[in-house]
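Student: Structure in structure tokens, see below.
The values are calculated or read from the model by the stated rules, or taken from the named source; none is laboratory data. None of the values given here were measured: they were computed from a predicted structure. Neighbour counts run over all protein chains shown; Cβ positions are idealised from the backbone, glycine included. Quick note on the areas: whole protein, heavy atoms, side chains included, nothing else; ligands and nucleic acids left out. Shrake-Rupley method; radii C 1.70, N 1.55, O 1.52, S 1.80 Å.
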Amino acid sequence: VAMGRAIVRQPQVFLFDEPLSNLDAKLRVAMRAEIKELHQRLKTTTIYVTHDQIEAMTMADKIVVMNGGNVEQMGAPLELYDRPNNLFVAGFIGSPSMNFIKGKIEGGKFQAGDIALPLPPGGGGARDGQTVIYGIRPEHLLLDSAGVAATVHVTEPTGSETQVIMHLAGTQVVGAFRERIAEKPGQHLHIAPDPALVHLFDEQTGTRLN
């Protein structure tokens with residue numbers, strides 16, 4: 001009702017402050033599409049405040065990610081998703097969150113404990129011997145019989161995909177696989193990251209290197 005009253009006044013700018021937070025999940029999805037369709041038709045500048053990243057990703061032309069009152073990054077939704085400036089944005093955008101593994105660059109590979117993972121093309125902007133944070137999104141972990149062995153902790157089938165919580169190099173990581181996963185807790189799943197979609201972050205500043 002309040003939105004309808006605002007629309008008929010034909011303002012120059014709309015300000016929405018978490019308008020869908022009290023709706024149930026199904027209605028929230030429907031209203032997301034309704035608001036986006038209205039915006040496309042009215043073409044009125046809209047500032048939409050939300051803590052729900054799915055709302056931000058699906059509805060925004062431009063997202064401004066803020067942390068403690070500071071702007072961490074602004075840009076198109078997929079720009080923030082594909083090229084986060086730092087660890088905060090990388091961990092905030094995306095559900096499940098990006099996996100982070102601490103290790104060191106050695107001999108052209110990322111080394112964490114006794115496992116080695118491939119670097120992005122060109123080395124990812126890191127120098128040999130540098131301690132970095134290795135970032136890989138759950139959907140960019142691939143099942144690969146030649147990959148590293150991760151210990152399955154919990155499997156969460158959703159139907160369209162299976163999310164698996166695993167332990168790798170002393171770190172908990174999450175994989176999101178289209179395949180059905182038969183491995184049980186305690187068993188091993190062999191996985192490999194897609195090198196083209198790996199992110200490297202400076203350990204001290206959190207800044208993305210590649």
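Student: With open to solvent by 50 Å² or more (accessible area, probe 1.4 Å) and among the small types (G, A, S) as the only criterion, which of A150, A146, A176, A192 stands out?
Tutor: Within the list A150, A146, A176, A192, the selection yields A146.
Student: Are there any strands (runs of 3 or more DSSP E) wholly within the range 93-210 with 1 or more residues that are under 30 Å from D52 (Cβ atoms), and if so which?
Tutor: Per the criteria, 99-106, 131-136, 141-157, 162-168, 171-177, 188-193, 199-202.
Student: Within the set of pairs 6+ apart or on separate chains, which have a first residue in the range 3-32 that is farther than 17 Å from M59 by Cβ, a second that is part of a loop (DSSP other than H, G, I, E, B), and C-beta atoms under 9 Å apart?
Tutor: Hits for this filter: Q10/T44; P11/T44; Q12/T44.
Student: For a quick check of your reading of the model, give me the residue pairs whose first member lies in the range 34-55 and is among the hydroxyl-bearing types (S, T, Y), whose second is loosely packed, with under 15 Cβ neighbours inside 10 Å, with beta-carbon atoms closer than 6 Å and at least 6 apart or on different chains.
Tutor: Matching pairs, first to second residue: T45/V13; T50/E18.
Student: Also, quick follow-up: I'd like to know if the range 161-168 contains one or more residues that are free of Cβ contacts under 8 Å to residues at least 60 places away in the same chain, surrounded by fewer than 12 Cβ atoms within 10 Å (Cβ to Cβ) and among the hydroxyl-bearing types (S, T, Y).
Tutor: Checking the range 161-168: not a single residue is free of Cβ contacts under 8 Å to residues at least 60 places away in the same chain, surrounded by fewer than 12 Cβ atoms within 10 Å (Cβ to Cβ) and among the hydroxyl-bearing types (S, T, Y).
Student: I want to confirm something. Restricting to the range 61-111 and keeping residues that are basic (K, R) and within 20 Å of L197 (Cα to Cα), which single residue is nearest to the chain's Cα centre (by Cα)?
Tutor: Within the range 61-111, the first condition is being basic (K, R), and the residues that meet it are 62, 83, 102, 104, 109.
Filter again for within 20 Å of L197 (Cα to Cα), leaving 83, 102, 104, 109.
Details: R83: 10, K102: 18, K104: 23, K109: 23 Å.
Among them, the one singled out is R83.
Student: How many residues, within the range 18-53, are at pLDDT below 90 and of a type in the set (G, A, S)?
Tutor: Residues flagged as at pLDDT below 90 and of a type in the set (G, A, S) within the range 18-53 amount to 2.
Student: Got at least one residue in the range 2-24 being in contact with a helix residue (DSSP H, G or I) (Cβ under 8 Å, 6 or more places away or on another chain) and within 26 Å of A176 (Cα to Cα)?
Tutor: No: zero hits.
Student: Of all the helices (runs of 4 or more DSSP H) wholly in the range 9-88, which have at least 3 residues that are open to solvent by less than 50 Å² (accessible area, probe 1.4 Å) and closer than 26 Å to R208 by Cα?
Tutor: Qualifying helices (runs of 4 or more DSSP H): 53-59, 77-82.
Student: Further, regarding this structure: Is it the case that the range 106-120 has a residue that's closer than 30 Å to M66 by Cα, surrounded by 13 or more Cβ atoms within 10 Å (Cβ to Cβ) and not aromatic (F, W, Y)?
Tutor: Taking the range 106-120 and keeping what is closer than 30 Å to M66 by Cα, we get 119-120.
Checking which are surrounded by 13 or more Cβ atoms within 10 Å (Cβ to Cβ) leaves us with 119-120.
Remaining after also requiring not aromatic (F, W, Y): 119-120.
There is at least one residue in the range 106-120 that is closer than 30 Å to M66 by Cα, surrounded by 13 or more Cβ atoms within 10 Å (Cβ to Cβ) and not aromatic (F, W, Y).
Student: Scan the range 1-11 and give yes if some residue there is in contact with an Asp or Glu (Cβ under 9 Å, 6 or more places away or on another chain) and not β-branched (V, I, T), otherwise no.
Tutor: no
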